[in-house]
Amino acid sequence: MKLPYSLFLFLLISSSFLHAQRIEKAINSGWEFQLENQEESTTVNIPHSWNSEDAFNDGAYFRGKGTYSKEIFIPQDWNDKAVFLKFEGANQFTKAYVNDQLVGEHTGGYTSFVFELTEHLNFGQANQVRIELDNSHNQDIPPLEADFNFYGGIYRDLQLVVTGKSHFTLEGLGAGTQLIKTPEVSENLAKVKFEGNVVTSGKDLELQVSINDPSGNQVSEYDESLNSEDFSIDFEIDNPKLWSPDDPNLYLLTANLIDPDSGEILDTYISNFGCRWFEADPEKGFILNGKPIKLIGANRHQDFENMGNAVPNSIHRKDYQMIKDMGANFIRTAHYPQDPDVYRICDELGLLVWTEVPVINDVTDSEAYHQNAVNMQKEQILQLYNHPSIVFWGIMNEIFIRLVFTRDIPEADQKAKIKTSVELAEKLEAATKELDTTRLSVMALHENDIYNTSGIADITDVIGWNLYFGWYTPGLKNLGKFLDEQHQKYPDRPLLISEYGPGSDSRIQTNDPKPWDFSEAYQLKSHVSYLNQVMERDYMLGMAAWNFADFGSSGRQDSRPYINQKGLVNFDREPKDVYYYYKARLTEDDFVYIAGKNFETRIIDKSEKVKLKVFSNSDRVKLVIDEKVEKEASVTDNIAEFELDLEPGEHSVKAMSGDVSHIRNLLVKFRNSLIADIANNPMLINVGSHSDFVDDETGEIWISDQAFQNNDFGFVGGEVFQQSSSKFQGTASNIKVTTKEPLFQTMREGLQAYKFDVPKGQYRISLLMAEPNRGASRENIYNLGSDSEKSSEGIRSFDILINGILVEKDLNLARDYGILQAVEVEYKINSEGPVEIEFRPQNGKPVLSGIKLENL
Ligand code: GCB
């Protein structure tokens, strides 16, 4: 429990009738902003990023310089004060000027920093503040590269802090944090050490400290004159109220710096802290306050749809609340320290935290790079030290991935890279332990033995594996095998899964999920399997899903371009099915949820049943269909599966377990009758795919593909297109000028025809196509000289005939529209009966991504 703010204010006011509080005020509003490559400036509010839009367009997002400026009035009566500018975070190299004088520089995009302004200010006047920021690629600043966007800007709150001339130190790596250490905690006693530093103005000073317990009662106090600038005060708390995810008890420390002559409070420092102890045991897993606790949760990036990384604190809070509500007890702030509020929120909500520095994918051997990395770790630790939620300091993520995936690196260079990476890991480990011996160091590895053979995996206390079995490497079941092998080979190493999970798109729905189809169903299947395999292994500390939310990654071309879609919720935080699955699996209050928010229309074969998955934390689930028929099923792995005989039409399905219920309305259609009902029902087919594609803009459903049979519809000949060297179903590239990417990405290649056994009538036929091969030739075949050139593989062209009428001659998608470009062509015909669209190859194989047939 957090100490209520009202109480906290009361404590402040009551103890400080002789005023002179520290002023901390956000100066976020009304900055003039000018981007290096633009002539016009604009007025912006902080948090701000200049990449919140262009990171989601074609081409590279702007990485360069941006300048913020503003006049700030400084009152005359602050002239006996010290004044500071405090950045909670700005990406990634900052220079600040006051009245054209440089007041400070900072390197790194994810930690806080403070510049003192006092001597540069004109009191009683407006002062010109200019902040120059640069997010260009810089070989000396981590991260060098990563699967997320390095949005530039002052993207966290900016504050003006005003203190007495004598004050608790604000500048330096800790950015104002005074350390509250809990070197020894047990149920009976917590030893607390308050360590800090003050800036004096030569006067005598008195330090008054009080500690209040989670109910607000004072449990300790201290009042002595201060003999030096550094202080270290020991406290003891009997029978401390321990902090844990179930009971996040927070103590409050208030420290006042006092002028002994006048009794005036010159500065105040306030911080929460918590009492808990923990260990990571290679056999028993994670142990908190003496009890084993399986760490289950998610990673979280800090960006949000349309905002980039410039998100308000309310969104940070909402995210972590959603993570807590899902039943998680663990979070990894991958891949960098997040907003200071995030850790306060995790303290309050009760989430155990792995926080890390952004040393990702690759390192350089430059002294500056190493120094910056180490500095970031020191800043992270010194700034976030007091948060009881933090249990792991992360030092690196998948540091050999670039090395492993780059071809033809000479052996000597490989060795040098390994050497400098190991050296940096050792430096980071040493810096971590120098500053904090009470927490565990950790690093995240990708699935490769190089981490073992290089010795780097022996450096930290705990190892996190980022494991993508069933996605980047085959076989969900290989997870357990891999973990057992590691555990046997390295029995002293506490193990975690620091990342896992496939990409999913709430527009892709199927009952027959496959790896890389981006369906919600495959995501669910994969998470269930991972949870089962980790839960049955006591030695595993736990697991963190990749990722809580979809996030921006400009290099990605998945089914939604520029977005990593492995989130349990969408980029706008709309939950996917799997989010509710975690809730059923991890929470204790009665919970029931019928999966398939985006799968309410079921277009099935007449002989098929409607398959429903219901998530619940009870043993059995009852289903009431259309308020009449009742069915029951037992729950395995928190899922009850139902197969329902439902007639075409609308149905309401209510699931009940314990005291709770959940209703989903379904619309059932029979595929076979679509043909007969063509007059009322346009037919839309997601050609080349086993999944339905639900167009979230139009509400249209493009149903999964099938082979042709009489009285029905379907393809004749060909095969599902699979790009060589890619695991993706279809093409792993963004399709331009469409929002229906997955519809175009999956396709049938080499088909001879597509047929519909429809009655006589007037029809409109839309064919959706895209050239999937980047190397496809745009050459006009008529310009080619020889036959051998003409049959070259790079050329794809074909004729299309509808009911025998030639509607396209030598259609070359690359030439006529460009590669990876969505092409939609409509034809109107009068048909005497069945409609047959014939594809005749001229060069290469014809392709088709989607087909829509409407009776006019
Ligand atoms: C990883 C990385 C993470 C990526 C993720 C993915 O292992 O650590 O930064 O985003 O895989 O989705 O590929």
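The values are calculated or read from the model by the stated rules, or taken from the named source; none is laboratory data. Owing to the predicted nature of the structure, the values given are computational and were not obtained by experimental measurement. When we count neighbours, we look across all protein chains shown, and the Cβ atoms used for this are built from the backbone with ideal geometry, even at glycine. For accessibility, only protein heavy atoms count, side chains too; no ligands or nucleic acids. Shrake-Rupley method; radii C 1.70, N 1.55, O 1.52, S 1.80 Å.
Conditions tested, residue by residue: (1) open to solvent by less than 10 Å² (accessible area, probe 1.4 Å); (2) closer than 30 Å to ILE603 by Cα.
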{"site": "PRO494", "(1), (2)": "yes, no"}
{"site": "GLY501", "(1), (2)": "yes, yes"}
{"site": "ASN511", "(1), (2)": "no, yes"}
{"site": "SER519", "(1), (2)": "yes, yes"}
{"site": "GLN523", "(1), (2)": "yes, yes"}
{"site": "TYR530", "(1), (2)": "yes, no"}
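I need every pair where a residue in region 459-471 that is open to solvent by less than 10 Å² (accessible area, probe 1.4 Å) has its Cβ under 7 Å from the Cβ of a residue that is among the aromatic types (Phe, Trp, Tyr), sequence separation at least 6 or different chains. Every condition considered, the pairs that remain are VAL462/PHE392; LEU467/PHE482; LEU467/TYR500.
Filtering region 166-200 to residues that are charged (D, E, K, R) and either at pLDDT below 95 or within 16 Å of the ligand (Cβ to nearest atom) (or both) leaves only GLU171. Here are some residues: LYS597, LYS611, LYS606. Which one is modelled with pLDDT under 95 and over 18 Å from ARG300 (Cβ atoms)? One residue alone meets the criteria, LYS606.
Say whether the condition of being closer than 26 Å to LYS566 by Cβ, within 16 Å of the ligand (Cβ to nearest atom), hydroxyl-bearing (Ser, Thr, Tyr) and in a strand (DSSP E or B) is met by at least one residue in region 353-372. Show your work before the answer.
If we filter region 353-372 for residues that are closer than 26 Å to LYS566 by Cβ, which is where we start, we get 353-363.
Those left that are additionally within 16 Å of the ligand (Cβ to nearest atom): 354-363.
Imposing the further condition that a residue be hydroxyl-bearing (Ser, Thr, Tyr) reduces the set to 355.
Adding the requirement that they be in a strand (DSSP E or B) leaves 355.
Looking for residues that are closer than 26 Å to LYS566 by Cβ, within 16 Å of the ligand (Cβ to nearest atom), hydroxyl-bearing (Ser, Thr, Tyr) and in a strand (DSSP E or B), one finds at least one in region 353-372, hence yes.
From LYS845, LYS852, LYS809, LYS828, which residue is modelled with pLDDT of 95 or more and outside any strand (DSSP E or B)? On inspection, the qualifying residue turns out to be LYS845. For region 537-562, name all the residues that are assigned to a loop (DSSP other than H, G, I, E, B) and more than 11 Å from the ligand (Cβ to nearest atom). Answer for region 537-562, where residues must be assigned to a loop (DSSP other than H, G, I, E, B) and more than 11 Å from the ligand (Cβ to nearest atom): ARG537, ASP538, TYR539, PHE548, SER559, ARG560.
Of all residues in region 206-231, exactly one satisfies the criterion of being in contact with an Asp or Glu (Cβ under 6 Å, 6 or more places away or on another chain) and over 16 Å from ILE270 (Cα atoms), namely SER225. Annotation: GLY174 fulfils all but one of (1) open to solvent by 50 Å² or more (accessible area, probe 1.4 Å); (2) not assigned by TED's automatic domain parsing to the domain that holds ASP247; the unmet one is (1). Selection of region 337-348 for residues being touching a Ser or Thr at 6+ places or on another chain (Cβ under 9 Å) and open to solvent by less than 10 Å² (accessible area, probe 1.4 Å) yields PRO337, GLN338, VAL342, TYR343, ILE345, CYS346, ASP347. Of all the criteria given as (1) open to solvent by 10 Å² or more (accessible area, probe 1.4 Å); (2) small (Gly, Ala, Ser); (3) within 29 Å of the chain's Cα centre (by Cα), the one not satisfied by GLY124 is (3). Checking ALA640, ALA655, ALA679, ALA633 one by one, the residue that is assigned to a strand (DSSP E or B) and either free of Cβ contacts under 8 Å to residues at least 24 places away in the same chain or not assigned by TED's automatic domain parsing to the domain that holds LYS606 (or both) is ALA633 and no other.
Residues checked against (1) aliphatic (A, V, I, L, M); (2) touching a Pro at 6+ places or on another chain (Cβ under 9 Å):
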residue: LEU351; (1), (2): yes, yes
residue: GLU356; (1), (2): no, yes
residue: GLN371; (1), (2): no, no
residue: GLN377; (1), (2): no, no
residue: LEU382; (1), (2): yes, no
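Can you find a residue in region 617-633 that is in contact with an Asp or Glu (Cβ under 6 Å, 6 or more places away or on another chain), of a type in the set (A, V, I, L, M, F, W, C) and open to solvent by less than 30 Å² (accessible area, probe 1.4 Å)? Yes: region 617-633 contains one or more residues that are in contact with an Asp or Glu (Cβ under 6 Å, 6 or more places away or on another chain), of a type in the set (A, V, I, L, M, F, W, C) and open to solvent by less than 30 Å² (accessible area, probe 1.4 Å).
For region 96-114, name all the residues that are touching a His at 6+ places or on another chain (Cβ under 8 Å) and either among the hydrophobic types (A, V, I, L, M, F, W, C) or part of a strand (DSSP E or B) (or both).
The answer is VAL98, GLN101, VAL103, PHE113.
The residue that is farthest from the ligand (Cβ to nearest atom), counting only those in region 374-412 that are small (Gly, Ala, Ser) and not in a loop (DSSP other than H, G, I, E, B), is ALA412. If only one of ASP413, ASP365, ASP408 is open to solvent by 50 Å² or more (accessible area, probe 1.4 Å) and either in the same structural domain as ASN138 (by TED's automatic domain parsing) or on the phi > 0 side of the Ramachandran plot (or both), which one is it? Just one listed residue meets the conditions, ASP408. Checked against the criterion of being more than 16 Å from the ligand (Cβ to nearest atom) and over 35 Å from the mean Cα position of the chain (by Cα), the candidates THR107, THR111, THR163 yield just one match: THR163. Which of the residues that make up region 211-264 are in contact (Cβ under 8 Å) with a residue 24 or more places away in the chain, among the acidic types (Asp, Glu) and either open to solvent by 20 Å² or more (accessible area, probe 1.4 Å) or in contact with a Phe, Trp or Tyr (Cβ under 9 Å, 6 or more places away or on another chain) (or both)? Across region 211-264, the qualifying residues are ASP213, GLU229, ASP230, ASP234, GLU236, ASP238, ASP246, ASP247, ASP261, GLU264.
Applying the criterion of being in contact with a Lys or Arg (Cβ under 8 Å, 6 or more places away or on another chain) and in a helix (DSSP H, G or I) to the residues of region 316-339, the residue that is farthest from the ligand (Cβ to nearest atom) is ASP325.
Yes/no matrix, rows are residues, columns are (1) crowded, with 22+ Cβ neighbours inside 10 Å; (2) over 21 Å from GLU88 (Cβ atoms); (3) free of Cβ contacts under 8 Å to residues at least 12 places away in the same chain; (4) touching a Ser or Thr at 6+ places or on another chain (Cβ under 7 Å):
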{"site": "LYS284", "(1), (2), (3), (4)": "no, yes, no, no"}
{"site": "LEU288", "(1), (2), (3), (4)": "no, yes, no, yes"}
{"site": "ASP303", "(1), (2), (3), (4)": "yes, no, no, no"}
{"site": "ASN313", "(1), (2), (3), (4)": "no, no, no, no"}
{"site": "ASP325", "(1), (2), (3), (4)": "no, yes, no, no"}
{"site": "THR333", "(1), (2), (3), (4)": "yes, no, no, yes"}
{"site": "GLY350", "(1), (2), (3), (4)": "no, yes, no, yes"}
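Residue count for region 139-167 under the criterion of being surrounded by fewer than 17 Cβ atoms within 10 Å (Cβ to Cβ) and not acidic (Asp, Glu): the result is 2. The condition of being in contact with an Asp or Glu (Cβ under 7 Å, 6 or more places away or on another chain) and either at pLDDT 95 or above or on the phi > 0 side of the Ramachandran plot (or both) holds for only one of PRO513, PRO494, PRO502, that being PRO494. Screening SER553 against (1) over 21 Å from ALA60 (Cβ atoms); (2) surrounded by fewer than 24 Cβ atoms within 10 Å (Cβ to Cβ) leaves a single unmet condition, (1). Taking the criterion of being of a type in the set (A, V, I, L, M), over 23 Å from LYS318 (Cα atoms) and buried (at least 16 other Cβ atoms within 10 Å of the Cβ), would at least one residue in region 586-594 satisfy it? Yes, because at least one residue in region 586-594 is of a type in the set (A, V, I, L, M), over 23 Å from LYS318 (Cα atoms) and buried (at least 16 other Cβ atoms within 10 Å of the Cβ).
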